[in-house]
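A short write-up of the structure that comes next.
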Amino acid sequence: MLRDPHLRLVRPVGPPRATGCEECLRLGTPWVHLRQCLTCGEILCCDSSPMRHARAHAAAVGHVIVRSIEPGESWRWCYVDEQFV
């Protein structure tokens, strides 16, 4: 993993506060995998999901680092640099 300048945006977010993508739950749309925004803690869906809410959240509000909250996964991703961090 490379040192990413966007890591300064990471904040203590605590455990996931939702059991699904918060936007998909609100809209009634499906998701595939879940990501947690490491700036605000919101739970959002991945790029394989139809709505791609995690990527949209990064573009809209600038919270560009997420982590996977899938069982057995412990990686983080930067949407700006398109790399694991």
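The values are calculated or read from the model by the stated rules, or taken from the named source; none is laboratory data. Bear in mind the structure is a predicted one, so any value in this text is a computation, not a measurement. Quick reminder, even Gly has a Cβ in these numbers, built from the backbone with ideal geometry, and neighbours come from all protein chains shown. With ligands, DNA and RNA removed, areas are computed over all heavy atoms of the protein, side chains included. Shrake-Rupley method; radii C 1.70, N 1.55, O 1.52, S 1.80 Å.
All of 35, 11 fail the test of being surrounded by 11 or more Cβ atoms within 10 Å (Cβ to Cβ), assigned to a strand (DSSP E or B) and touching a residue at least 12 places away in the same chain (Cβ under 8 Å), apart from 35. Restricting attention to segment 38-52 and to residues that are open to solvent by 40 Å² or more (accessible area, probe 1.4 Å) and among the hydrophobic types (A, V, I, L, M, F, W, C), the residue that is farthest from residue 5 (Cα to Cα) turns out to be 51.
Across segment 14-31, what is the number of residues that are in a loop (DSSP other than H, G, I, E, B), touching a helix residue (DSSP H, G or I) at 6+ places or on another chain (Cβ under 9 Å) and surrounded by 10 or more Cβ atoms within 10 Å (Cβ to Cβ)?
Here is the first cut: in segment 14-31, the residues in a loop (DSSP other than H, G, I, E, B) are 14-21, 28-31.
With the extra rule that they be touching a helix residue (DSSP H, G or I) at 6+ places or on another chain (Cβ under 9 Å), the set shrinks to 18-19, 21, 29-31.
Adding the requirement that they be surrounded by 10 or more Cβ atoms within 10 Å (Cβ to Cβ) leaves 18, 21, 29-31.
Looking only at that region, the number is 5.
If only residues of segment 53-73 that are over 14 Å from residue 11 (Cα atoms) and in contact with a strand residue (DSSP E or B) (Cβ under 7 Å, 6 or more places away or on another chain) are counted, the one that is surrounded by the fewest Cβ atoms within 10 Å (Cβ to Cβ) is 70.
Does at least one position in segment 5-25 carry a residue that is in contact with a Lys or Arg (Cβ under 6 Å, 6 or more places away or on another chain) and charged (D, E, K, R)? No, segment 5-25 has no match at all.
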